[in-house]
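Worksheet: the structure to be examined is printed underneath.
Please treat every number below as a calculation from the coordinates, not as lab data. Predicted model, so just to flag it, every value in this text is computed and none were measured. No Cβ is skipped: glycine too gets one built from the backbone with ideal geometry, and neighbour counts run over all protein chains shown.
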Amino acid sequence: MSAEAITQKVGNIWGGGTRPFNVRYGKMMMWFFLISDAFTFATLLIVYGTLRFSADWWPEPLNVFNTIPGVHGNSYPLVFVTIMTFILIVSSVTMVLAVYDGHHGNKKGVIKWMVYTIIGGAAFLGCQALEWTHLIHEGLSLYFNPFGPDGLVTKEAVMAGTAVAGPTHFGQLFFFITGFHGTHVLSGVVINIIILVNTVNGVYEKSGDYEMIEKVGLYWHFVDLVWVFVFLLFYLI
Amino acid sequence: MAYLIGGIVFVLVLVLLYQIGTVFDLIAINKGQDDLYEKSNKYNALFMLGFMVTFLVGIVWSSVAYSDTFLPESSSEHGRLIDEMFNITLFWTGIIFFITQILLFIFAFKYRMQKGSKRKALFFPENDTLEIAWTVVPAIVLLGLLVIGVKSWNKVMSPPPAGSIEMEATAYQFGWIFRYPGADGKFGKRDYKLIDGTNSIGLDLTDEAAKDDIYTSDVFLPVDVPTLVKIRARDVLHNFYLPHFRVKMDAVPGIPTRFWFKPDVTTVEMRENMKDAEFEYELACAEMCGAGHYNMRRTVTIGTMEEFEKWLSEQVTFASLIDPDKYAMAESTESEMMETEMPSDSIMVENQELTTDSLQIN
Amino acid sequence: MSAEGGITKQIIMKTLVILSVVTILEIGVALIIGAYFPTFPKWLLNLFFVVLSLLKAFYITAEFMHMKYETKGFVFWTLIGLVLLVWFIIAMLYEGNSWLVNNSTWG
Amino acid sequence: MADTHAHGHHHEESFISKYIFSQDHKMIAKQFLITGIIWGVIGGLMSVLFRLQLGWPLEKFPILETLLGHWAEGGQIVPEFYYALVTMHGTILVFFVLTAGLSGTFANLLIPYQIGARDMASPLLNMLSFWFFFLASAIMFYSLFLPHGPAAGGWTIYPPLSALPQAIPGSGDGMTFWLIAMALFIVSSLMGGLNYVVTILNMRTKGMSMTRMPLTIWAIFFTAIIGVLSFPALLAAALLLIFDRSFGTSFYLADIFIGGEALPQVGGSPILFQHLFWFLGHPEVYIVILPAMGIVSEVLSTNARKPIFGYMAMIYSILGITFLSFIVWAHHMFMSGLNPFIGSIFMVLTIIIAVPSAVKVFNWIATIWKGNIRFTPAMLFAIGFVSTFIAGGVTGIFLGNSTIDIQLHDTYFVVAHFHIVMALSAIFGMFAGVYHWYPKLFHGRMMNSHMGYLHFFATLLTAYGVFWPMHYIGMAGVPRRYYSFENFTTFNQFDGLNAFISACAIIGFAAQFIFIANFFLSIFWGRKSKTLNPWNSNTLEWTTPLEHFHGNWPGEIPEVHRWAYDYSKPGAENDYIPQTTPLTEEELKEPAHH
């Protein structure tokens, strides 16, 4: 039982000085949680920056992310990640529309847009799985980075001393940070599904309050927001 | 059984103490006072004052009593700079410390609630002038300290002057390996992957400069010559700490660190100053590095340039330790080498570890 | 409940367009400069990307996350903490670089 | 109507929902406090054990072998266990006692009471916060009994020592458990912190504007913000450390040869971990000290019967400390191979913290000046707090100066500094809080005052007896975390002083049982307060009934009309005016303090 509910039961004086920011506690809590989470991501990205600044060489993203799974050839730099980015942006838009419909009490609209959002999230995760698989096939792992100064090299060549490997931190940071982001997307999808089920069951219709959609929406947009920076640091710079 | 009885007695004593306290509390109330603080107030205020006197006198007395151990006499140039900074800071913070402590306890005593007194507290919630004063004044004092601090810091951390000699200290669990560059004045390359039972720092003998690098188990430095110490760690974090020279720098695996200083008191002079014929400068580890952290002692000897050169010429090269067949010893036989190398204290065991293949941790 | 009247479907679509255009611009610039102007100063390019990314972040926060329509006090209390990251980033990048310098100078 | 309902609600509760999985902030406060006290005893006992070793390094204590078995072979603690003890002592005291025990107790107790709310914004999350803390506690406690011992790499868990089981036995399972426990702890502290921030911002009663809040609430507010913003750094650092430990990555590891083999990791940086750790670690010390500062401000003002001096200046200085706490972390690392230029910037930023801290000290002293001081046990501890805060604070100016830190870094001077300024002060603040709010915690029962006086003077004397001489040892250059000084002629000249310190530590530890007895016996035998408001305090919590029920106030929550510090106001009938008293005609005319 929330404190607000207790108040309503015990006797309400929530006039005057309460709710000074015109935001209910749940949403505010979600915001502070997101700020906290932002610091976690910021720390990880700062680790990325620090280790990259301490490395004497770093692979050029154009030369690493230059394929589309299922399409032959290595001449499509950044195309696949652009698709992933768009999937995430569009799923953010559908989420906003769900929130929008929620505010207008439009249950059907909420369900429709939530379904689209979940599909978008799942699609993003699928794409990420494809990209990981592809990079692992190329030889990228936590222990080896095939993207050396002289192009794609194999572990054997490096062991034999005929080629130079790239900094292993590249793979470690890539898998760790995109993995951490992917975990957030995954949990976002799970939460979205729960919320969708609740919406279908009319939980929010009954309480006349679709704020839960808004809170979950904030989380979803945050995941999108983090991707902007992951995209910036791994794929652009 | 004895412990059980002891425990029960302890609990009983506490309960008894509680009951006595309750009686005191009740007496205070029964005497018709509104609350029990009026009676105890006087004693507590007196105790506060008594504490202040004990505390401050104790501080002054103990500072005087232990003053000869404060900051052991500095034997390096920048060390005296640090001591000077310390004393300046001690002076200013000392003033603030005494003023505030005395005011605190005197006020506590003087403005205690008194029996029968109708005195009321002064309603004095704020005063901007006072606030500004005690923001600005400490800020100015601190600014002064900062200016001197930054200046000395930049001086201590500046690049080593021309004409410095170089040495390298490698820390491991739990001891030190020292390297001097040899006749060519250059350190040879090293690679941690080459480390094994005989090659204790992973020296790359294919590098020409590495062949004359000298291994020592203790430190010897010439007086009045700036020395750059390159600090390395082989396994975990350590810290190269020379208390008498005010030298302290972490040894970090993977990241080279360094510290330069200019020792200016020889061991012999120091023995005379201290009136202690046994005195040795010591090297310690000051960053927790495992169970033997407290045991990473080495001696540091400061001598004249001639003594230093003589000492250095008596040491062995890494090459001769790594591959005795190929890099035969120039002057000393192996048994002599062992003699010069081994210090005669408890560290000996660890040195043996170095040259045998027992590097494994149990 | 917060001022939900603020956001409209038009604004949502406008934001979508802005985000798309900025993303395409980023990719385009990265590809064109990577392919045709390899001598273009890297720091300037990176600065450009950072600014565009911050722009995207602004739009996501302001419109999608509704920040533009919240009270000023709320925006202040939630976002002010991010200021602390500025020095964190500067100090850490400086440190990272100094390890590189250390390793190449003294290693 | 509302009244009867509230009581009805109270009777519905079962034992489990009332005492165990309670969502009531008062019960959660008690749970945090009692868990904190238990941890305090364990952590204190550990310090006694390693002080035995340091005080009498050559003595044998057969009882230790009886109690500890192979950890104290022949009655002397072995080095591995010594390092495990100092590690766990630090972890337990910093996180489990002074973070969870202090913030958890007083944030939970005071926020709803003092701002006039029925409960926390989310009582459920609040309950979970405690139970996550409890889970973390249970795991940390279990780790003490692992075959190879608990974590032993220092509470700062610097890698590579903490990352490599070969380096020290505790870095195996012990470290794994440490990391799991701390991950749960971070979750707990995040849930608590979010609740505190949101409750303070959103749920104040009518009239309780931000600038009318008691300073306790301000302090807790900033503490919670610091927690929400700084723990993520530890979370990230710990996750990366887990990867380094378990999956062979090289974020923190490079060029390591250990246990007879060269590890494959290259390119990482142990210093990176230190940065991340201290980005949490430094704000963490303010998480520890700020609530104590808030409590002390409140207790000093109430018992000096005088408004806190410079209320706004106090808030600004807390704000300044909060902000600065996030940008000074690397002053713990001056000697770690930090870039000297960055080091000098950190030195400047660090020294600036002394300004808001000085302002606070002067304001406290001005608060008791011309007061009418009532020495309750809480007041004694509050004055003790100011004394220790000064004593520990001034040494910070030495350590913040990177030049002096060359000599003092990692010596006993540092130990003396942070124990006095952070540990002692925070503990004193905690004691002050417990003595002061005990009647609110336990239905109007009072703690035994005379036992409180005894406890205070015994604690104050022994506390200084322990930590003051450590300055001298540190100034002589003796490094901390040494199991024994016998090998070094430079360090082994302080046997007498070390024995004195250990004796004080043991007496001081024993004296804490006076408090513990007082605390637990008073729950049942404590004198019932004659009035609702035994200290004649202004704040809202003293308007609630003695009987606890979920919702705090029967009927309406009182409205607030003034700040919390109208003590001894000229023209008023009493020497206190509760916040609920409307402003008089004259007061409306005069310029408001706030």
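P(r) of chain D in 20 Å steps, Cα pairs, percent per bin?
Cα pair-distance distribution for chain D, in percent: 20, 55, 23, 2, 0.
Over the range D:109-251, with a single point scatterer placed on each C-alpha, what log10 of the ratio I(q)/I(0) does the Debye formula yield at q = 0.15 1/Å?
So the normalised log intensities are -0.78.
Pick from C:82, C:19, C:52 the residue whose mean-square fluctuation is largest in a GNM of chain C, springs joining Cα atoms under 10 Å.
C:82
When all C-alpha to C-alpha distances in chain A are sorted into bins of 10 Å, what percent of pairs does each bin hold, rounded to whole numbers?
The percentages, shortest bin first, are 7, 26, 27, 19, 12, 6, 2, 0.
At 10 °C and a viscosity of 1.306 mPa s, what translational diffusion coefficient does Stokes-Einstein give for the range B:1-137, taking Rh as the Kirkwood radius over Cα pairs? Give it in µm²/s as a whole number. Present the calculation step by step, with values, prior to reporting the outcome.
Details: Rh = 20.6 Å.
The calculation lands on 77 µm²/s.
Sort A:129-135, D:464-470, B:219-225 by packing, meaning the average of other beta carbons within 10 Å per residue, with the highest value first.
D:464-470, B:219-225, A:129-135
Hey, what D do you get for the range D:412-496 in µm²/s if you plug the Kirkwood alpha-carbon radius into Stokes-Einstein at 4 °C and 1.567 mPa s?
Here the translational diffusion coefficient equals 86 µm²/s.
Have a look at D:560, D:516, D:133 and report the one farthest towards the positive end of the charge dipole of chain D, computed about the Cα centre with Cβ charges (Lys/Arg +1, Asp/Glu -1).
With unit charges placed on the Cβ atoms, the residue in question is D:560.
Averaged over its residues, how many other protein chain Cβ atoms are within 10 Å of peptide A:152-163's Cβ atoms?
Mean inter-chain Cβ contacts per residue within 10 Å come to 0.
Counting Lys and Arg as +1 and Asp and Glu as -1, what is the net charge of the other residues whose Cβ lies under 13 Å from the Cβ of residue D:564? Each step should come with its number before you reach the end.
Values: positive: D:204, D:212, D:306, D:562, D:569; negative: D:298, D:541, D:566.
So the surrounding residues net to +2.
Summing Lys, Arg as +1 and Asp, Glu as -1, what charge do residues with Cβ under 13 Å from the Cβ of residue D:311 carry, residue D:311 excluded?
-1
Positive end of the dipole of the protein assembly as shown, charges at C-beta (+1 Lys, Arg; -1 Asp, Glu), about the Cα centre: which of D:79, D:168, B:144 has its Cα farthest in that direction?
The listed residue farthest towards the positive side: B:144.
How big is the C-alpha Rg of the protein assembly as shown next to the rule-of-thumb value 2.2 N^0.38 Å, as a ratio?
Working: Rg = 32.5 Å, N = 1300, 2.2 N^0.38 = 33.6 Å.
It is 0.97.
Taking all pairs of distinct Cα atoms, average 1/r, flip it, and tell me the Kirkwood hydrodynamic radius of the range D:460-594 in Å to one decimal place.
20.6 Å
Hey, in the GNM for chain B with a 10 angstrom Cα cutoff, which one of B:301, B:206, B:22 fluctuates hardest?
B:22
Quick one: grab Rg to one decimal and Dmax as a whole number for the range D:250-408, Cα atoms only, in Å.
20.3, 70
Nearest 5 percent is fine: what portion of the DSSP beta bridges confined to the protein assembly as shown is antiparallel?
The antiparallel proportion sits near 75 percent.
For the range D:1-146, what is one quarter of the convex hull surface built on the Cα atoms, given in nm²? Write out the running numbers ahead of the final one.
On the way: hull surface 43.1 nm².
So the Cα hull casts an average projection of 10.8 nm².
Of all the stretches in chain D, which is the longest one without any exposed loop site, taking trypsin sites (Lys or Arg not before Pro) in a DSSP loop (any state but H, G, I, E, B) with at most 14 other Cβ atoms within 10 Å?
Of all site-free stretches, the longest is D:61-529.
D for the range B:165-355, whole µm²/s, Stokes-Einstein with Kirkwood Rh over alpha-carbon pairs at 20 °C and 1.002 mPa s: what number?
Estimated via Stokes-Einstein, D reaches 127 µm²/s.
Could you name the lysines whose alpha carbon sits less than 21 Å from that of residue D:370, not counting residues in the same chain fewer than 8 places away?
B:39, B:42, B:110, B:115, B:118, B:120, D:306, D:360, D:569
Within a 10 angstrom radius of each residue's Cβ in A:225-237, how many Cβ atoms of other chains show up on average? Whole number is fine.
Working: counts 8, 1, 2, 12, 5, 0, 6, 9, 4, 0, 4, 11, 8.
What the average comes to for A:225-237 is 5.
Which of D:189, B:217, B:158, D:336 comes first, and how do the rest follow, when ranked by fewest Cβ neighbours within 10 Å? Spell out each step's value before the answer.
Working: D:189 28, B:217 20, B:158 11, D:336 23.
Lowest to highest Cβ neighbour count: B:158, B:217, D:336, D:189.
Quick one: Cα centre-to-centre distance for the range D:167-233 and the range A:164-179, in angstrom?
So the separation of the two Cα centres works out to 32 Å.
Any idea what angle helix D:495-525 forms with the longest principal axis of chain D, computed on alpha-carbon atoms, 0 to 90 degrees, nearest 10?
It works out to around 40 degrees.
What angle, in degrees between 0 and 90 and rounded to the nearest 10, separates the Cα long axis of helix D:2-12 from the longest principal axis of the Cα atoms of chain D?
40 degrees
Could you work out, residue by residue across D:78-85, how many beta carbons of other chains sit within 10 Å of that residue's beta carbon, and then give the average as an integer? Write out the running numbers ahead of the final one.
Numbers: counts 1, 6, 3, 1, 3, 6, 1, 0.
Neighbouring Cβ atoms belonging to other protein chains average 3 per residue here.
Can you show me the helix-derived [θ] at 222 nm for the protein assembly as shown, built from DSSP H runs with n ≥ 4 at -39,500 (n - 2.57) apiece and divided by the number of residues, rounded to the nearest 500.
Values: 41 runs with 751 residues, N = 1300.
The helix contribution divided over the protein assembly as shown gives -19500 deg cm²/dmol.
With Cβ to Cβ distances under 10 Å as the rule, what net charge do the other residues near residue D:76 carry (K, R +1; D, E -1)?
Here the count lands on -2.
Please report, to two decimal places, log10 I(q)/I(0) for chain C at q = 0.16, 0.22, 0.23 Å⁻¹ as given by the Debye formula with identical point scatterers on the Cα atoms and no solvent.
For chain C, the Cα-only Debye profile gives -0.95, -1.16, -1.19.
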